[in-house]
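The values are calculated or read from the model by the stated rules, or taken from the named source; none is laboratory data. These numbers come from a predicted model, not from an experiment. Cβ placement follows ideal geometry from the backbone for every residue including glycine, while neighbour counts extend to all protein chains displayed.
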Amino acid sequence: MLVVALPRTALFLQALNIYYFNKGYLDEQFIQLEELEDDDNPNFVEEMVTTFYNNSARLLQNIEQALVSRPIDFTKLDNYMHRFKGSSSSIGATRVKKECTIFTEYCKKANAEGCIRTFLQVKQEHACLRRKLETYFQLGRQAAGPSANAGGQVG
Amino acid sequence: MGMSTESQFHVLAVDDSIIDRKLIERLLKTSSYQVTTVDSGTKALEFLGLHEDDESNPETPSVSPNNHQEVEVNLIITDYCMPGMTGYDLLRKIKESSSLRDIPVVIMSSENVPSRISRCLEEGAEEFFLKPVRLSDVNRLRPHMMKTKLKDPKQENEENKEESGKPESRSQEEKEEQQQHHQQQQLHHLPQQQHSNSNKRKALEEGLSPDRTRPRYNGLTTVV
């Protein structure tokens, strides 16, 4: 666990980013997003992440509902998960994506128990990443100074 | 817009995923392209001025002259997996249209399926990008767009040199090999951080403005 006694510098943010990167929470796609930020689009990453969490909430709900319906429609499930996985991949959410892949494998084998079990992992990773990213963006605003007050809570 | 040689290239991006639309839009704008995004193949065709019934009669111009002038599109980049009309369906409709067939089309997909890639390239797609799409992918678009627009020859040569040292005209097979190799590289990106960092650097030099005042993590120099 990262001790949060922070020097308000970009250097700390870099360290945090590397930590997330090394622990597999985020991959290079996230860095690619950061590289796309500039003075005209200073909050692109946060916007992407916010859009992701707004959009994925709905997808997760759809998956949840599909998992409780009987009989389970695995084609529908696969479809929802495919979209969710795609979005996760686009923001660089590695761990979430990994669980999605496992879910998809169970789904293709019509293994309901496997799907249900893995879905719990998906939700957990999804929520965990959200907390980490909220922290990250909050620190980013602090590091940038009082002038950078744009952006709000993630999702 | 219009016929000026200095006007920007206009790209039409088609994707049902809002995240991917945001991403591709940002990537394209970073590369100084004008962008229109739509969330379906149907809407793409509407935007291009193509109507379903015009397919059956190739003699009928499918786009009215006024329409065509206003919505000049220099490249279409589309997701493959979309509900309703897939990217492949869209590609086919474009290639079957007398007014639209010369517009270069690029397909994006989150799945690396060789038969899918071949099918798209055979149908006339210029490139096939694996998602998530990166700046280095978007940097490959310019040569395709330049083919369809008249530009100052000197400027064209300079830009060609910058983008790649490869000759523009390649055989279909070579293109496919290139594409598969490119995808293999992309799939190996994650473990090979050093390699991909230098690719990213190149993409940065080509695509982004150097003016940045905000400190930025670049993954290259920081040691924890």
Filter the stretch A:99-126 for residues that are in contact (Cβ under 8 Å) with a residue 40 or more places away in the chain and closer than 23 Å to residue A:47 by Cα; the one that is nearest to the chain's Cα centre (by Cα) is A:126
Those residues of the stretch A:103-126 which are of a type in the set (Val, Ile, Thr) and surrounded by fewer than 16 Cβ atoms within 10 Å (Cβ to Cβ) amount to A:116
For helices (runs of 4 or more DSSP H) lying entirely in the stretch A:26-128, having 2 or more residues that are over 23 Å from residue A:141 (Cβ atoms) and not hydrophobic (A, V, I, L, M, F, W, C) picks out A:44-68, A:74-91, A:94-108
The one condition residue B:111 fails out of (1) at pLDDT 95 or above; (2) within 14 Å of chain A (Cβ to nearest Cβ) is (1)
- prompt: Does residue A:73 fit the bill of being of a type in the set (Asp, Glu), over 23 Å from residue B:129 (Cβ atoms) and at pLDDT below 95?
  reply: no
Hey, residue A:105 farther than 18 Å from residue A:128 by Cβ and more than 11 Å from chain B (Cβ to nearest Cβ) or not:
yes
If we keep only residues of the stretch B:114-138 that are in a loop (DSSP other than H, G, I, E, B) and over 9 Å from the mean Cα position of the chain (by Cα), then the residue farthest from the other protein chains (Cβ to nearest Cβ) is B:124
